[in-house]
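A.B. asks: Below is one structure. I have some questions about it.
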Amino acid sequence: GRNEASRNDTWLVCLDQSGAGQRIVDRLSELGHDVVAVESSDRFRRIGPGRFAIDPTSRDDFGTVLRELSAGNRVPAVVLHMFSVGAVSGAESAARDYVGALNDGFVSLLALAQALNNADVTSPIRLAVVTNDAFEVTGHEIVSPGKSVALGLCKVIPQEYPTISCACIDLTWNAPDL
């Protein structure tokens, strides 16, 4: 079945600041997958082969990456959106960082979904939205409410864009080794 990613599939990984996404990129590359990494920046830049920097809230920047990948016959089959993974140091900090968390999660995810739709990608895309500490599980977590908003988009994206399946993966932050 299509549950496992083929080595021929292209992975697009939107990197977090903690390095967890880069470790995933490295591992996927070791396993022979075609991997494209996207870093958060204030503007679009081509960093090197298979590596870009973009404004994560810019649909145009995501669109530029997708057009380049499509031109190289590398349309992603799997997308890991990890822009919102990062330390949550306390409840006060989480509340104060709400807008930043909202931009890294919800706004960025919306821009990505719209860019995928505008790219007229007809092949199925599996989108995994990776957050950390967005949800309370044991009652002892410090929860970042700005990160949890992305779950709503995970439910809506497949309804709006039938070729995109979406899953939300919420990790617990155990810095420095997430």
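The values are calculated or read from the model by the stated rules, or taken from the named source; none is laboratory data. Note that the coordinates shown come from a computational prediction; the quantities given were computed from them, not determined experimentally. Here the Cβ is made from the backbone with ideal geometry for all residues, glycine too, and neighbour counts use every protein chain on show. Accessible surface is based on the protein model in full, side chains and every heavy atom, while ligands, DNA and RNA are left aside. Shrake-Rupley method; radii C 1.70, N 1.55, O 1.52, S 1.80 Å.
A.B. asks: Of all the helices (runs of 4 or more DSSP H) wholly in segment 1-101, which have at least 3 residues that are more than 23 Å from I142 (Cβ to Cβ), at pLDDT 95 or above and among the hydrophobic types (A, V, I, L, M, F, W, C)?
C.D. replies: Because the criterion is at least 3 residues that are more than 23 Å from I142 (Cβ to Cβ), at pLDDT 95 or above and among the hydrophobic types (A, V, I, L, M, F, W, C), the helices (runs of 4 or more DSSP H) in segment 1-101 that meet it are 20-30, 59-71.
A.B. asks: Let me spell it out: the conditions are (1) free of Cβ contacts under 8 Å to residues at least 40 places away in the same chain; (2) within 15 Å of the chain's Cα centre (by Cα); (3) open to solvent by less than 40 Å² (accessible area, probe 1.4 Å), and G50 meets all of them except one. Which number is the exception?
C.D. replies: Every listed condition holds for G50 apart from (2).
A.B. asks: Pull out all pairs, ordered by first then second residue, where Cβ-Cβ is under 6 Å, the residues are six or more apart or on different chains, the first lies in segment 58-69 and is on the phi < 0 side of the Ramachandran plot, and the second is assigned to a helix (DSSP H, G or I) and surrounded by fewer than 20 Cβ atoms within 10 Å (Cβ to Cβ).
C.D. replies: These pairs meet every condition: R59/Q114; G63/N118.
A.B. asks: Quick one: would you say A113 is part of a helix (DSSP H, G or I), in contact with a helix residue (DSSP H, G or I) (Cβ under 9 Å, 6 or more places away or on another chain) and at pLDDT 90 or above?
C.D. replies: yes
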